[in-house]
Structures are given as structure tokens and as C-alpha cells.
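Heads up: the structure comes next, in C-alpha cells.
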């Protein structure tokens, strides 16, 4: 298992090199000059030319790429063209914001999705099953943008229950050390702020978690249906175990592997693809960091941002793979 | 799997419970007290005539994008200067709602008879937020920092550029056109600028937020991190900045203007989505929102507790002709197309009435605005006559380049293009809408690949030269002049206007220039748009400035 883990970690290197090469080529294929974008439509050509030179944009592409990779190898993610900040420090708050939101969305998606799926399978063709699966179908095809705006309209504007934007009360900013607000507020002993930050998570978390929830519910249901038909399930039932034990301990445990795979893939998607949710709810996460960078042709930020997202994606898949053998000891590496 | 099944149920119960509990105490009401600002209301006691000031004097200003940098001189975006305007001050300041210049950090100024020496008399007893004294040395240091690429605080190696300085003062130290020859410190509170040629807009430039004064000690302390550690003399002090989220400023208790600022703190909050920003305003979470969609104005005006703020117009949205290409080298064709456009309909459908039809290139209220220019009236018949005269009786076809992004002067370029397309269609002219990605659009129109293109320009210092010199002067090719308009007559007028320091004379010159440009018709001036903001009615004394950066020192909140 250790050998397997190390082998998988080593495989990260070619994956990331490939990633960075593709990203680099694509962003340099998009027409548009960063200096022009930074200075805007009212800039003089002289100003643009001198900024290009300063930013090293007039170097050949392979030199730019070489410089970039050389930096990465020394643990330097580069400097943003636009803000002139070090990306390795600049990216941390964004990353924390995204991870916090992703974890919340995932907890929501897994709890609701798995349970809905299990019950649907257990009571196949019942009203619950039909309702849950229709909701799941709607959930999968739900435009996040619309869902988010509706949530804001109902829960923030009309009912006034939940805040419409941001990570905390803007009038009472959270003092940050880890950039995870739910942790920082506890460190600071501000439990009122913890509660506020938690409330800020709810709407974007649900918006973000809706699609994964629906996918997880459908996957759990079909996986469970398969298991429930197995002979050993009838045996467990025949020996008089409680329904709860039958379903969860014997049923779900055997149905969990495909569900876990889906959860892993969805987590990766959430980490990188939260852009819409982050935009609607003004959540300063990594999706927006990279998005803003694309609009501004901020090459180093695009590259490093995507590299970080890709790394997380690969790591999560690794964790999922390792979990397989923990859950099902028959799986060996 | 037992572990999992056991913790799963309680968690889901907790989730439901917490969702339900959220209705209890809400912080979305907007008037909640953070606990820190509650005590100091006595300070308002003196001038508390209306008696109903809110206890929490924290203003939240929501906008679509974040600032790029808080070093105002090294960036050009309005979102940066909107914030630095609160922290920093310039030698002179514009009026609250116009470009009328008045005293700022300098209470008085003189111009020598030859128009080459400007002397500024500085306010005494002003200190920067770090306690450093504001004086003539600080002024000299700041200007030299922008002019001299080798200056120790120019930070060129860290990617700093001062493009606005270059544009306004003819380049940098050592360049041919650079007008500031030397800066002399006469004494602590008197500083003299010696120019090597006259510059008509010099005084206007001094009011720009791009030329505000930073504490010399802060350069020493923060170096190139000055963009994240701004230290000025303004009404508000910098507290914190979390990127793409919020910038927090607090009251400068030692502000040199007695009794100001009124607010305890100002928060610039980023909310990228327009509808989400409006929702936040309606739910009371924010006080002012920028970038209100013109279509929403009517709704807001009818709502209790909300109000609309109009910003004085300071821009031009236009359709430019590429005069290097046939048939747009023919003045008759250009005039014909001018007659074809129905500006009123455009304004009603796209701007919800919040724009003025344009006939000059510069905005109304500007020095040199020529109201006597007789605009090309909407007259399709006349347009067709002119086309026939030019030899295009059978019509013509061209690509109508359309901007991919909304700008203040053009909130919905795609729809505008469709309206214009219809207008041209009515006189037998086929306009094919063509669009490019923004940066490419700017590059390719600069290189002259377009036929007819949509673009605009916003003023920064209220001076006509900023429009004419950049948009229509032959020297601005390649550059801002994308129409490739080359007129000796107009260039001569622009040159004279640029250097003259006599206001009346400049007014005459630019009026004449407006007439020349009108007749040559290098572009179709479409609109001067009026940007709108929405806010809570609790916000008092908020006056949007045409430059898009206004000081909030007089603003206060009522209950």
C-alpha cells in the first residue's frame, strides 16, 4: 500500500507537467495582450509597450515557460501580472474560501444524497422513490445561476433569514489566521461570528451541493438496488436483523464503492468548478481568482491557479482510491 | 460501515435544525450594531441638528469588481481610485459634482505671466496617517517618483508604471514632450513647478486623484508593498483588504478639515453579480450599489427606502469610421450614416432615458463644448440622398464592430448594435455585426482592421484635450485615434488648445475645433450616458462625481 501511494504520488509529476504545458499553450493561443488589458482602452501604445517589456511578455514563449517552470521547481508560483503580488501567498485566502465552501456543500450533498438514495432503493417504486428521483432529476439539470438567485430572493430579500453574499458580516470582518472562517472565529473566541459565518455558508453551500447531491442520490439508489437483490441480503433479513441494520450495515456497506467514486469525482469538480456559485454569492474563492485572471490575461495566476486545482483533484482521487481498500479489504494494491 | 451509519443521522438532523433556526436572529437587517461603534455617538452632538443619525455610522459601498492596487498613480482602473480617493488627497480638488477646480492640500496657487511657473501654497498642520508632516518635500518626492524611472521609489523592477502621468504630462523625465522641467521647494509650505512649455490642462491635472500625495515615510517603510499599505492625508485611514471581497477604511480622527469625516468607517464590498448586488441592497445588507442596470431604475424609484443617484455625464459613446478604408474616406458617406441614426430611440431602449444625445465629442459642461453645432438630425431620406450623391445609390455593406463588454458609455453593446443595424437597414445599408474578444478588439481597431466600430471614452480631468488629443489628433495614430482622422486644420486647433493657458481663448479654440470635427464627421457621436447608482435612503449627502471617484467625507447615515 505504501509503495502504491508513493507510485501514485510520483505519477503526479508527469500529470502536472502535462497540465502546465497544456495550460500554458492554451492561454498563449488566446489572442489579447495582458498589457493592453491591464492598462485599459485609454492607454497609449508607448505605455503598453513599456509594460510589456517590464512584464517580460516580449520574450519568446518557451523562455517564458522555462522561467515559469524554473520558478515552480523552487516552490515559487510566480507573481501576478495585475496585482504584482506573490501568487503563493495571494492564493491562500481564495483556496481556503473554496475548500470551506466545498466541504460544506459536500456534507450537505452526501447526507441528503446518500440517505435519499438508500430510502428510494429500499422503498423502490414508492411515492418517496418517485418524488426523490424527480427531485434528483431536477437537481441534476438545475441551472445553478437561477437556483442561487432564487435562494437570495426568497431567503435574503423576502424572508430576511440568511445573508445574500460574502463569507461574514462585512460590518464585522473576521480576523484571519488560517483563512477558514469557521476555524478562525473559534481561535478568536468569537462564537457569534462563527454562527454568522456558518449562516453565510448555507445558501451558497446548498446551491453548490445541489448537483452533486442529485448525482449521489441516483448513484446510491442504483447501487443499493443491485445489492438488495443479493442472496445474502435475504439471509440477513431472514435471520431477523433490524431493518436499519439490514439496510445500512449489510446493504449500504456493499453498495458504497461506486458512491465513493462519484463523491470523489464530484469533490474535484466542486473545487474547480464553483465559479458560478462564487460569483452569485460573492464568495472570494479560487474559481473567481482564476476567472478574473483569465479576463485580465494574468498568465502566471491562470497557470498556477489551474495547477493548484489540478493537484487537489489528483490528490482527492488518490485518497478515494486508498479508501477503497480500507472499506473493502478484498481490494488490494 | 457501522461508524458511518451512526454519525450520518445525527448530522442530518443537526443540519435541518440549524436551517430552521436561522430565522431567529438575523444579521441581514443591516442596522445591527457591531458593538464597537455604539459608544461614540456623542461626537456628533454638536451638529446633530436633524437628531436622527444612525448609531452605526458604517457605510457599505458595493461594486462589481475589486481594486487592482491602492497605489493610485500606477493603475488606471476606476475601482482603485474610488477607494484611494478616500485615503489620499491631491494639491487641488474638483467640486463635488463637476470638474470645477478648487483648493485641496494647496489652499492657493499662482501662475506666472508666461504660464510656465506654477506656485502652490500648501495647507499647514496637515499630517499623514502615520504622523509624518505633509510639506513641500513630500509633494516634490511624489512627482519625482512618477517622472523619474530611476527614482528609488519608482519600483519599476516590481512592475510599477505610471501611465496616467505619462499621458497627462507628455511623458517622463528625459522624454521630448515631458513638460515638468523642475520642482522647487521654496519653503516647507510653498512649492514651485517650472514647465518647459505651456500646458493648458496643468491646473486641471492637479485635481486628479492619480496625482495625490503619499507619505514619504510610508515609501521608506513599505517599499513596493505601498500598493497594499496606503498612507495619505485623506478623511479615511486604511484598515484591511481581503482581495475580491472587501476593503475596510476607518475614520481619520486627526483629519485636517474640522468636523469631517462624518462616517466612522467605509467598507468597499465586491459583489460581482448585478442582480445579487441589487438583492443585497433590498435586504439592507449594503448601503450603496454601483452599476445599477438602467432598466431597474423605474423599479427602484418606486420602492420605499431606496433611492437613485445620478452621476453627471462625463463620457462619449460613438461609432467610428475607419477613414483609411473605402467608402468611409468619403465625407458624404460619413454624413449620410450620421443622418441614419435615431439616437432618441437608442436612448429610450438601451439607456432607459438616462443619456443625452451627443453632437460634440466632449461632454456638455466641458470647457469648449459647442452647443451651436447643428447635429445631424435623424433623417433617413436625407441620408439616402447623400449616399446617392456619393455614388452609393444601391446601398453598401460593412462590418459593424461591436464591443464584447459593457462600458459606462455603452451598457449593452450587442443590443445597441442591433438597433443601429436596423437604422442602417432603413437606408439600404447592410451592417454585419462583428465582435472580438475585448483585448483583441482594442488591438485590431488600433491597427485599422475595422470598417465601422463602436467605442467610447471617459474623461478624467474634465479637460477637452483629454478627448480631442487622444481620440482625433493625428499624433494619436496608432493609438486612441482609431478613426484615422488626419486633419491639419483640426490638429492645429488641438495643439493651440493644449498649450493655451487662457480659459476664454481655449474655449474659443475648442468650439472651433468642434465645428471642424462635426463637418468632417469622422465618427457618429451617439450618447453621453448618465451612470446611475442606487442606495438606501439613509445615506445623506452622497454626491457622485463625474470622474467616478468621490470623497465620502460629508456622507452620513440616518436611522
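State all residues of segment A:102-119 that are crowded, with 19+ Cβ neighbours inside 10 Å and under 12 Å from the mean Cα position of the chain (by Cα); if no residue qualifies, say none. Once the filter is applied, which keeps residues that are crowded, with 19+ Cβ neighbours inside 10 Å and under 12 Å from the mean Cα position of the chain (by Cα), segment A:102-119 yields A:102, A:104, A:105, A:106.
Tell me whether segment B:309-329 contains one or more residues that are in a helix (DSSP H, G or I) and more than 14 Å from every other protein chain (Cβ to nearest Cβ).
Taking segment B:309-329 and keeping what is in a helix (DSSP H, G or I), we get none.
No, the conditions are met nowhere in segment B:309-329.
Of the residues making up segment B:246-279, just one is touching a strand residue (DSSP E or B) at 6+ places or on another chain (Cβ under 6 Å), at the interface with chain A (Cβ under 7 Å from one of its Cβ atoms) and either on the phi > 0 side of the Ramachandran plot or not in a strand (DSSP E or B) (or both), namely B:271. If only residues of segment B:445-475 that are within 9 Å of another protein chain (Cβ to nearest Cβ) and modelled with pLDDT under 90 are counted, the one that is farthest from residue B:521 (Cα to Cα) is B:460.
Taken over segment A:88-104, the criterion of being more than 12 Å from every other protein chain (Cβ to nearest Cβ), in contact (Cβ under 8 Å) with a residue 24 or more places away in the chain and over 30 Å from residue B:159 (Cβ atoms) is satisfied by A:100, A:101, A:102. Screening segment A:156-169 for residues that are under 24 Å from the mean Cα position of the chain (by Cα) and facing chain B (nearest Cβ under 8 Å) and picking the one that is surrounded by the fewest Cβ atoms within 10 Å (Cβ to Cβ) gives A:169. Among the residues in segment A:250-269, are any surrounded by fewer than 23 Cβ atoms within 10 Å (Cβ to Cβ) and assigned to a loop (DSSP other than H, G, I, E, B)? The answer is no; no qualifying residue exists. Residue count for segment B:191-242 under the criterion of being modelled with pLDDT of 95 or more, farther than 30 Å from residue A:175 by Cβ and surrounded by fewer than 17 Cβ atoms within 10 Å (Cβ to Cβ): the result is 1. The set of residues in segment B:207-245 that are under 16 Å from residue B:74 (Cα atoms) and touching a strand residue (DSSP E or B) at 6+ places or on another chain (Cβ under 8 Å) comprises B:208, B:209, B:211, B:212, B:213, B:228, B:229, B:230, B:231, B:232. Listed conditions (1) within 12 Å of chain B (Cβ to nearest Cβ); (2) surrounded by 21 or more Cβ atoms within 10 Å (Cβ to Cβ) are all met by residue A:85, apart from (2).
Per-residue answers, yes or no, for (1) at pLDDT 90 or above; (2) closer than 23 Å to residue A:92 by Cα:
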{"position": "A:117", "(1), (2)": "yes, no"}
{"position": "A:128", "(1), (2)": "yes, no"}
{"position": "A:151", "(1), (2)": "yes, no"}
{"position": "A:167", "(1), (2)": "yes, yes"}
{"position": "A:171", "(1), (2)": "no, yes"}
{"position": "A:176", "(1), (2)": "no, yes"}
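The values are calculated or read from the model by the stated rules, or taken from the named source; none is laboratory data. Quick caveat, the model's predicted, so the values are computed rather than measured. Please note: Cβ atoms are built from the backbone with ideal geometry, for glycine as well, and neighbour counts cover all protein chains shown.
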